[in-house]
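Below you'll find the structure, written out as structure tokens, and then a few comments.
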Amino acid sequence: MAAPTITDIRAYVLRGGGADYHDQDGPHWIDDHIATPMARYPGYRESRQSFGLNVLGTLVVVVEASDGSSGFAVTTGGEPAAWIVEKHLSRFVLGATVTDLSRIWDQMYSSTLFYGRKGLVLNAISGVDLALWDLLGHVRAEPVYAMIGGAVRDEQPCYATGARPDLAVEFGFLGGKLPLHHGPAEGADGFAANLRLLAEMRAATGPDAWLAYDCWMSLDADYAIRLAHAAAEHGLRWLEEPLPPDDYWGYAAVRKALPPGMLLTTGEHEATRWGFRLLAEMGCADILQPDVGWCGGLTELLRISALADAHGLLVVPHGSSVYSYHFAFGQHNSPFSEFLMMAPAADEVIPMFHPQLLGEPVPEHGRLRIGQLDAPGFGVTLDPGLALARPYRRE
Ligand SMILES: C[C@H](O)[C@H](O)CC(=O)C(=O)O
Ligand SMILES: [Mg+2]
């Protein structure tokens, strides 16, 4: 029987949290006084929104097929990504059969090489790819995890990223990943404050909980190595993304200089198998953290994961809610997942892409169960009450 063909693709934008989880209104732990590469300019230290971390907003890609099925996905990208989807990528999708994921991916990537390769274009490609996987799941009435080979475990333990690892441990998570608050420009006082917070959290969580520091590209190699050694006495499990993502050489040097047992993680701002090949072959990290909404989508994440496995590396995707969960359950080298605590004070468990999706599963007692993913596609729907805008239309 001939597979249905794709009859429509539309790109919408949304504001207010969700897939662009930095786009929050009001005070929020995820925006306020976090160490960033922009913190060397004092005027941009208090809030990451001050330098535009939330400028993009959410991209929503909707696809429809000739059998009446539809699929969708959300990622970060907003208006500029919507333009790329409508004006450029749509031509590779319309009229294709719903199973043509690899060819569509290759055409989207190859045709955008002259202005793409990483960043926004890969976010747009990821959004289309994820929407197509969702569509295929609806056509076949199967969850995505089943279509990519099934689960290797029934439960997935999670760690929580947020301001309150102490509460995360009470909720049953493996532990917590804190945002680093002070970078090199805040000198010795900032360095001491970073260690003080870690010591407080260690005292509050007890000796066995995981604690990690997310440095969001804000450090230099010297600071990163000094911080890692000072943090070792507080049992820091990993140091995340200490350097700008283009500094592959710096990552390799920091990793070699870490105290015994401490891990280096990175990859959320990296894209495609070629970017991750550099990280793997140059020895930049112990755990790779692609974001499935930014690295090229699920089609590309599966390739990245195979490459990482051949290098003996874990792949623990960055955030991304259901899009990561369907991937992680099927990978032996993805033995735990990240859960971003999106309540403003990180004091309750709410869906990661709140308020955009209906049916979005959350970990219970810090664990996801495979049964929570047993619905067609990625198993979520867009809240019909959302104020979707379609800023561009394909010609
Ligand atoms: C907390 C980090 O600065 C960032 O907002 C999220 C992130 O990098 C992560 O979850 O990992
Ligand atoms: Mg991170």
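Looking at region 60-75, which of its residues are surrounded by fewer than 24 Cβ atoms within 10 Å (Cβ to Cβ), among the hydroxyl-bearing types (Ser, Thr, Tyr) and out of contact with any His (no Cβ under 7 Å at 6 or more places or on another chain)? Selection gives 66 alone.
For residue 248, all conditions in the list (1) farther than 25 Å from residue 188 by Cα; (2) touching a helix residue (DSSP H, G or I) at 6+ places or on another chain (Cβ under 9 Å); (3) surrounded by fewer than 17 Cβ atoms within 10 Å (Cβ to Cβ) hold save one; what is the number of the exception? For residue 248, the failing item is (3).
If I ask for residues that are crowded, with 23+ Cβ neighbours inside 10 Å and of a type outside the set (A, V, I, L, M), which ones from region 320-337 would you list?
If we filter region 320-337 for residues that are crowded, with 23+ Cβ neighbours inside 10 Å, which is where we start, we get 320-329, 331, 334, 337.
Those that are crowded, with 23+ Cβ neighbours inside 10 Å and of a type outside the set (A, V, I, L, M): 320, 321, 323, 324, 325, 326, 327, 329, 331, 334, 337.
Take residue 31 and tell me if it is more than 15 Å from residue 389 (Cα to Cα), in contact (Cβ under 8 Å) with a residue 60 or more places away in the chain and either out of contact with any Pro (no Cβ under 9 Å at 6 or more places or on another chain) or surrounded by fewer than 16 Cβ atoms within 10 Å (Cβ to Cβ) (or both). Spell out how you get there, then give the answer.
Details: more than 15 Å from residue 389 (Cα to Cα): yes; in contact (Cβ under 8 Å) with a residue 60 or more places away in the chain: no; either out of contact with any Pro (no Cβ under 9 Å at 6 or more places or on another chain) or surrounded by fewer than 16 Cβ atoms within 10 Å (Cβ to Cβ) (or both): yes.
No, not satisfied.
Restricting attention to region 169-227, the residues being among the basic types (Lys, Arg), buried (at least 16 other Cβ atoms within 10 Å of the Cβ) and away from ligand 1 (no atom under 14 Å from the Cβ) number 1.
Of the numbered criteria (1) buried (at least 20 other Cβ atoms within 10 Å of the Cβ); (2) within 18 Å of residue 291 (Cα to Cα), the one residue 377 fails is (2).
Condition check: surrounded by fewer than 19 Cβ atoms within 10 Å (Cβ to Cβ) and either part of a strand (DSSP E or B) or of a type in the set (A, V, I, L, M, F, W, C) (or both). Does residue 350 satisfy that? It is true that residue 350 is surrounded by fewer than 19 Cβ atoms within 10 Å (Cβ to Cβ) and either part of a strand (DSSP E or B) or of a type in the set (A, V, I, L, M, F, W, C) (or both).
Just to verify a result, which residue in region 9-23, among those that are surrounded by fewer than 19 Cβ atoms within 10 Å (Cβ to Cβ) and touching a helix residue (DSSP H, G or I) at 6+ places or on another chain (Cβ under 9 Å), is farthest from residue 185 (Cα to Cα)? Talk me through it step by step, then tell me what you get.
Residues of region 9-23 surrounded by fewer than 19 Cβ atoms within 10 Å (Cβ to Cβ): 15-16, 22.
Right, trim to touching a helix residue (DSSP H, G or I) at 6+ places or on another chain (Cβ under 9 Å) and you get 15, 22.
Numbers: 15: 32, 22: 23 Å.
The extreme case among them is 15.
Scanning region 120-141 turns up at least one residue that is more than 21 Å from residue 278 (Cβ to Cβ) and outside any helix (DSSP H, G or I).
Of all the listed residues (116, 150), the sole one being away from ligand 2 (no atom under 16 Å from the Cβ), more than 18 Å from the chain's Cα centre (by Cα), buried (at least 16 other Cβ atoms within 10 Å of the Cβ) and not aromatic (Phe, Trp, Tyr) is 116.
Entry remark, region 132-172: residues being β-branched (Val, Ile, Thr) and closer than 30 Å to residue 46 by Cβ number 2 in total.
Considering only residues that are touching a strand residue (DSSP E or B) at 6+ places or on another chain (Cβ under 7 Å) and charged (D, E, K, R), look in region 1-45 and name the one that is nearest to ligand 1 (Cβ to nearest atom). Checked region 1-45; the qualifying residue nearest to ligand 1 (Cβ to nearest atom) is 31.
Cβ separations smaller than 7 Å between residues 6+ apart or across chains give the following pairs from region 173-197 residues that are over 24 Å from residue 43 (Cβ atoms) and part of a loop (DSSP other than H, G, I, E, B) to residues that are more than 16 Å from ligand 2 (Cβ to nearest atom) and of a type outside the set (D, E, K, R): 173/366; 174/157; 174/366.
Computed from the coordinates by the stated procedures, all read-outs in this text should not be read as laboratory data. Nothing here was measured: the structure is a model prediction, and the numbers come from that model. Neighbour counts run over all protein chains shown; Cβ positions are idealised from the backbone, glycine included.
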